[in-house]
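One structure below.
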Amino acid sequence: MSTSRNMFCLLFLLIFAASAPLMAQDNISPDRPGIGDGSYIVEPKVTYLEIGVEYFTVNDLNQYSLGQLVFRNGLLSGVELRMLLNSFVVQSFPSTDFTGVPDPGVGLKFKLFDRPGSNLRLSGLTTLSIPVGSTDFTTDEWIPSAALLADYSLTDYAGISANLGYTFDVGPFPDVWKVTLTPGYALPGDSNIGIYGGYAGFYSEGVNEHYIEAGFTKHVKSFLQLDLNAGLDVESQGTFIGGGLALQL
(Lines give C-alpha, C1' and ligand atoms only; values in the text may rest on other atoms or scores of the structure.)
Protein backbone atom coordinates (compact mmCIF):
# COMPACT_ATOMS: atom_id res chain seq x y z
CA MET A 1 0.00 0.00 0.00
CA SER A 2 1.50 3.37 -1.04
CA THR A 3 2.07 6.24 1.38
CA SER A 4 -0.33 8.50 -0.54
CA ARG A 5 -3.07 5.88 -0.35
CA ASN A 6 -2.46 5.44 3.37
CA MET A 7 -2.78 9.18 3.97
CA PHE A 8 -5.94 9.31 1.84
CA CYS A 9 -7.52 6.52 3.90
CA LEU A 10 -6.61 8.31 7.13
CA LEU A 11 -7.98 11.64 5.90
CA PHE A 12 -11.20 9.98 4.73
CA LEU A 13 -11.75 8.33 8.10
CA LEU A 14 -11.18 11.55 10.02
CA ILE A 15 -13.43 13.66 7.79
CA PHE A 16 -16.15 10.99 7.74
CA ALA A 17 -16.14 10.56 11.52
CA ALA A 18 -15.89 14.26 12.36
CA SER A 19 -18.84 15.12 10.11
CA ALA A 20 -21.30 12.93 12.01
CA PRO A 21 -22.71 13.14 15.57
CA LEU A 22 -21.04 11.44 18.50
CA MET A 23 -23.17 9.42 20.89
CA ALA A 24 -24.07 11.46 23.94
CA GLN A 25 -22.33 10.28 27.10
CA ASP A 26 -24.30 7.53 28.82
CA ASN A 27 -24.07 6.58 32.48
CA ILE A 28 -20.98 4.54 31.67
CA SER A 29 -18.05 6.14 29.83
CA PRO A 30 -15.20 3.62 29.46
CA ASP A 31 -11.81 4.03 27.81
CA ARG A 32 -12.56 1.00 25.61
CA PRO A 33 -12.31 0.52 22.71
CA GLY A 34 -9.49 2.14 20.77
CA ILE A 35 -5.84 2.89 21.38
CA GLY A 36 -6.49 6.25 23.02
CA ASP A 37 -7.96 7.07 26.44
CA GLY A 38 -10.89 9.35 27.15
CA SER A 39 -10.75 12.29 29.56
CA TYR A 40 -13.75 11.11 31.59
CA ILE A 41 -12.94 10.34 35.24
CA VAL A 42 -14.89 7.75 37.21
CA GLU A 43 -17.01 9.20 39.99
CA PRO A 44 -15.99 8.62 43.64
CA LYS A 45 -16.80 5.13 45.00
CA VAL A 46 -17.65 3.87 41.49
CA THR A 47 -15.68 1.03 39.85
CA TYR A 48 -15.40 0.08 36.20
CA LEU A 49 -14.22 -3.28 34.90
CA GLU A 50 -13.00 -3.18 31.30
CA ILE A 51 -12.11 -6.46 29.58
CA GLY A 52 -11.43 -7.69 26.05
CA VAL A 53 -9.71 -9.98 23.58
CA GLU A 54 -7.53 -9.16 20.56
CA TYR A 55 -5.92 -10.90 17.60
CA PHE A 56 -2.84 -9.27 16.03
CA THR A 57 -0.87 -10.49 13.03
CA VAL A 58 2.21 -9.22 11.20
CA ASN A 59 4.65 -11.14 8.99
CA ASP A 60 5.13 -14.58 10.65
CA LEU A 61 3.63 -13.57 14.01
CA ASN A 62 0.11 -14.40 15.19
CA GLN A 63 -0.65 -13.01 18.65
CA TYR A 64 -3.72 -13.59 20.82
CA SER A 65 -4.36 -11.38 23.86
CA LEU A 66 -7.01 -12.60 26.30
CA GLY A 67 -8.05 -10.31 29.11
CA GLN A 68 -6.96 -6.68 28.59
CA LEU A 69 -8.12 -6.24 32.19
CA VAL A 70 -8.44 -2.71 33.55
CA PHE A 71 -10.01 -1.74 36.87
CA ARG A 72 -10.91 1.94 37.31
CA ASN A 73 -12.03 3.27 40.68
CA GLY A 74 -13.03 6.79 41.66
CA LEU A 75 -10.85 7.73 44.63
CA LEU A 76 -12.29 11.20 45.09
CA SER A 77 -13.81 13.93 42.96
CA GLY A 78 -11.61 14.42 39.91
CA VAL A 79 -9.22 11.53 40.60
CA GLU A 80 -9.41 7.86 39.62
CA LEU A 81 -7.12 4.91 40.33
CA ARG A 82 -6.34 2.53 37.47
CA MET A 83 -5.10 -1.06 37.79
CA LEU A 84 -3.84 -2.48 34.48
CA LEU A 85 -3.76 -6.25 34.92
CA ASN A 86 -3.07 -6.85 31.23
CA SER A 87 -3.71 -10.08 29.28
CA PHE A 88 -2.70 -13.68 28.90
CA VAL A 89 -0.79 -13.59 25.61
CA VAL A 90 -0.08 -16.34 23.09
CA GLN A 91 2.55 -15.53 20.45
CA SER A 92 2.73 -18.04 17.63
CA PHE A 93 5.66 -18.19 15.19
CA PRO A 94 6.25 -20.89 12.55
CA SER A 95 8.93 -22.55 14.68
CA THR A 96 7.82 -21.88 18.27
CA ASP A 97 5.17 -20.42 20.58
CA PHE A 98 5.44 -18.17 23.62
CA THR A 99 2.81 -17.74 26.32
CA GLY A 100 2.64 -15.54 29.38
CA VAL A 101 1.49 -12.27 30.92
CA PRO A 102 3.13 -8.89 30.17
CA ASP A 103 3.96 -6.46 32.96
CA PRO A 104 0.94 -5.00 34.78
CA GLY A 105 0.68 -1.34 35.66
CA VAL A 106 -0.88 1.15 38.03
CA GLY A 107 -1.95 4.69 37.25
CA LEU A 108 -3.85 7.81 38.22
CA LYS A 109 -6.14 9.86 36.00
CA PHE A 110 -6.94 13.34 37.26
CA LYS A 111 -8.99 16.33 36.15
CA LEU A 112 -7.18 19.35 34.70
CA PHE A 113 -10.04 21.32 33.14
CA ASP A 114 -13.77 20.59 33.19
CA ARG A 115 -15.65 23.86 33.46
CA PRO A 116 -19.48 23.84 33.23
CA GLY A 117 -20.59 25.19 29.87
CA SER A 118 -17.23 24.58 28.21
CA ASN A 119 -16.93 22.27 25.21
CA LEU A 120 -13.41 21.27 26.24
CA ARG A 121 -12.40 18.74 28.92
CA LEU A 122 -8.78 17.99 29.83
CA SER A 123 -7.36 15.28 32.07
CA GLY A 124 -3.90 14.02 32.95
CA LEU A 125 -2.85 10.38 33.16
CA THR A 126 0.24 8.92 34.82
CA THR A 127 1.08 5.22 34.64
CA LEU A 128 3.87 3.03 36.02
CA SER A 129 4.63 -0.36 34.46
CA ILE A 130 5.64 -2.91 37.12
CA PRO A 131 8.24 -5.55 36.04
CA VAL A 132 6.56 -8.68 37.40
CA GLY A 133 5.30 -10.20 34.16
CA SER A 134 6.18 -13.59 32.71
CA THR A 135 9.81 -14.26 31.77
CA ASP A 136 9.22 -13.97 28.01
CA PHE A 137 7.17 -10.77 28.29
CA THR A 138 8.55 -8.65 31.14
CA THR A 139 10.74 -5.63 30.45
CA ASP A 140 12.56 -6.09 33.79
CA GLU A 141 12.23 -2.32 34.24
CA TRP A 142 9.91 0.08 36.06
CA ILE A 143 8.71 2.26 33.16
CA PRO A 144 6.75 5.49 33.82
CA SER A 145 4.56 7.31 31.31
CA ALA A 146 2.37 10.41 31.28
CA ALA A 147 -0.33 11.72 28.94
CA LEU A 148 -2.60 14.68 28.31
CA LEU A 149 -6.16 13.61 27.40
CA ALA A 150 -8.59 15.95 25.67
CA ASP A 151 -12.22 15.73 24.59
CA TYR A 152 -13.96 18.47 22.65
CA SER A 153 -17.73 18.53 22.04
CA LEU A 154 -18.71 19.82 18.62
CA THR A 155 -22.45 19.51 19.36
CA ASP A 156 -24.54 17.67 21.95
CA TYR A 157 -23.91 14.49 19.95
CA ALA A 158 -20.61 15.19 18.22
CA GLY A 159 -17.05 15.35 19.52
CA ILE A 160 -13.43 14.44 19.07
CA SER A 161 -10.89 12.90 21.45
CA ALA A 162 -7.11 13.37 21.38
CA ASN A 163 -4.13 12.10 23.41
CA LEU A 164 -0.55 13.29 23.69
CA GLY A 165 1.55 10.84 25.71
CA TYR A 166 5.18 10.22 26.60
CA THR A 167 6.85 7.04 27.87
CA PHE A 168 10.22 7.69 29.51
CA ASP A 169 13.38 5.96 28.33
CA VAL A 170 14.48 3.38 30.89
CA GLY A 171 17.39 0.95 30.58
CA PRO A 172 17.59 -0.38 27.00
CA PHE A 173 14.14 0.99 26.10
CA PRO A 174 13.95 4.34 24.25
CA ASP A 175 11.42 7.03 25.00
CA VAL A 176 8.18 6.92 23.01
CA TRP A 177 5.75 9.69 22.03
CA LYS A 178 2.11 8.73 21.51
CA VAL A 179 -0.41 10.80 19.54
CA THR A 180 -4.05 9.87 18.94
CA LEU A 181 -6.89 11.65 17.18
CA THR A 182 -10.30 9.96 17.41
CA PRO A 183 -13.55 11.50 16.13
CA GLY A 184 -16.77 9.50 16.36
CA TYR A 185 -20.51 9.62 15.93
CA ALA A 186 -23.78 7.90 16.77
CA LEU A 187 -26.20 6.18 14.47
CA PRO A 188 -29.56 7.97 14.30
CA GLY A 189 -32.49 6.76 16.35
CA ASP A 190 -32.41 4.80 19.57
CA SER A 191 -29.88 2.13 18.59
CA ASN A 192 -27.31 3.33 21.19
CA ILE A 193 -24.56 2.44 18.70
CA GLY A 194 -21.54 4.68 18.31
CA ILE A 195 -18.94 4.49 15.54
CA TYR A 196 -15.44 5.98 15.43
CA GLY A 197 -12.44 6.09 13.11
CA GLY A 198 -9.09 7.57 13.99
CA TYR A 199 -5.31 7.68 14.05
CA ALA A 200 -2.76 6.55 16.64
CA GLY A 201 0.97 7.10 16.24
CA PHE A 202 3.94 5.91 18.30
CA TYR A 203 7.22 7.72 17.68
CA SER A 204 10.58 6.57 19.01
CA GLU A 205 14.19 6.48 17.86
CA GLY A 206 14.43 4.45 14.67
CA VAL A 207 10.94 2.90 14.95
CA ASN A 208 7.56 4.50 14.27
CA GLU A 209 4.08 2.98 14.21
CA HIS A 210 1.12 4.60 12.48
CA TYR A 211 -2.25 2.96 13.12
CA ILE A 212 -5.53 3.64 11.40
CA GLU A 213 -8.28 2.19 13.58
CA ALA A 214 -12.06 2.01 13.58
CA GLY A 215 -14.77 0.41 15.68
CA PHE A 216 -18.17 0.66 17.25
CA THR A 217 -19.76 0.57 20.68
CA LYS A 218 -23.16 -0.61 21.83
CA HIS A 219 -24.66 0.57 25.12
CA VAL A 220 -26.73 -2.44 26.14
CA LYS A 221 -27.61 -1.02 29.56
CA SER A 222 -26.72 2.17 31.39
CA PHE A 223 -23.99 0.18 33.16
CA LEU A 224 -22.83 -2.05 30.26
CA GLN A 225 -21.08 -1.31 26.96
CA LEU A 226 -20.01 -3.83 24.29
CA ASP A 227 -17.44 -2.99 21.62
CA LEU A 228 -15.63 -4.20 18.51
CA ASN A 229 -12.60 -2.58 16.90
CA ALA A 230 -9.90 -3.17 14.29
CA GLY A 231 -6.79 -1.42 13.03
CA LEU A 232 -3.90 -1.39 10.56
CA ASP A 233 -0.28 -0.34 11.09
CA VAL A 234 0.53 1.36 7.78
CA GLU A 235 4.28 0.95 8.39
CA SER A 236 4.49 -2.81 9.01
CA GLN A 237 1.07 -3.80 7.56
CA GLY A 238 0.28 -5.44 10.90
CA THR A 239 -3.43 -5.70 11.65
CA PHE A 240 -5.54 -6.30 14.74
CA ILE A 241 -9.16 -7.01 15.57
CA GLY A 242 -10.66 -7.14 19.02
CA GLY A 243 -13.77 -6.95 21.12
CA GLY A 244 -14.79 -6.59 24.71
CA LEU A 245 -17.01 -5.01 27.28
CA ALA A 246 -17.06 -2.41 30.02
CA LEU A 247 -19.12 -2.88 33.16
CA GLN A 248 -19.91 -0.46 35.96
CA LEU A 249 -19.79 -2.52 39.17
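The values are calculated or read from the model by the stated rules, or taken from the named source; none is laboratory data. Being a predicted model, the structure only gives us computed values, none of them experimental. Virtual Cβ from ideal backbone geometry, glycine too; neighbours counted across all protein chains shown. For accessibility, only protein heavy atoms count, side chains too; no ligands or nucleic acids. Shrake-Rupley method; radii C 1.70, N 1.55, O 1.52, S 1.80 Å.
Before moving on, here are some points about what is shown:
- Residue within segment 130-138 that is open to solvent by less than 70 Å² (accessible area, probe 1.4 Å), charged (D, E, K, R) and within 24 Å of L69 (Cβ to Cβ) present: no
- Cβ-Cβ distances below 6 Å connect the following pairs, each with a first residue in segment 23-42 that is within 16 Å of K218 (Cβ to Cβ) and among the β-branched types (V, I, T), a second residue that is modelled with pLDDT of 95 or more and surrounded by fewer than 22 Cβ atoms within 10 Å (Cβ to Cβ), and a separation of six or more residues or different chains: I28/F223; I28/Q248.
- When segment 179-191 is filtered for residues that are open to solvent by less than 70 Å² (accessible area, probe 1.4 Å) and either on the phi > 0 side of the Ramachandran plot or out of contact with any Ser or Thr (no Cβ under 7 Å at 6 or more places or on another chain) (or both), the ones remaining, listed by number, are V179, T180, L181, P183, G184, Y185, A186, L187, G189, S191.
- Selection of segment 105-123 for residues being within 16 Å of the chain's Cα centre (by Cα) and surrounded by fewer than 16 Cβ atoms within 10 Å (Cβ to Cβ) yields V106, L108.
- Residue match in segment 9-26 (condition: open to solvent by less than 70 Å² (accessible area, probe 1.4 Å), under 21 Å from E209 (Cα atoms) and at pLDDT 95 or above): no
- Residue tally, condition closer than 20 Å to N229 by Cα and either of a type outside the set (S, T, N, Q) or open to solvent by 50 Å² or more (accessible area, probe 1.4 Å) (or both), over segment 82-100: 5
- Matching entry among A162, A146 (being open to solvent by less than 60 Å² (accessible area, probe 1.4 Å) and touching a residue at least 60 places away in the same chain (Cβ under 8 Å)): A162
- Positions within segment 216-247 being under 13 Å from S29 (Cβ atoms) and open to solvent by less than 60 Å² (accessible area, probe 1.4 Å), in sequence order: T217, H219, S222, L224, Q225, D227, A246, L247
- In segment 203-233, residue nearest to N163 (Cα to Cα) [restricted to those that are more than 18 Å from the chain's Cα centre (by Cα) and β-branched (V, I, T)]: V207
- Lone qualifier among G184, G194 - being touching a helix residue (DSSP H, G or I) at 6+ places or on another chain (Cβ under 9 Å), closer than 21 Å to R72 by Cβ and at pLDDT below 95: G184
- Look at segment 56-81: where a residue is under 14 Å from V101 (Cβ atoms) and open to solvent by 70 Å² or more (accessible area, probe 1.4 Å) and a partner is part of a strand (DSSP E or B) and β-branched (V, I, T), sitting 6+ places away or on another chain with Cβ atoms under 8 Å, you get Y64/V53; Y64/V89; Y64/V90; L66/V53; L66/V89; L66/V90.
- Hits in segment 121-143 (condition: touching a residue at least 24 places away in the same chain (Cβ under 8 Å) and part of a strand (DSSP E or B)): R121, L122, S123, G124, L125, T127, S129, I143
- For segment 185-224, taking the residues that are in contact (Cβ under 8 Å) with a residue 60 or more places away in the chain and small (G, A, S), the one that is farthest from G159 (Cα to Cα) is identified as S222.
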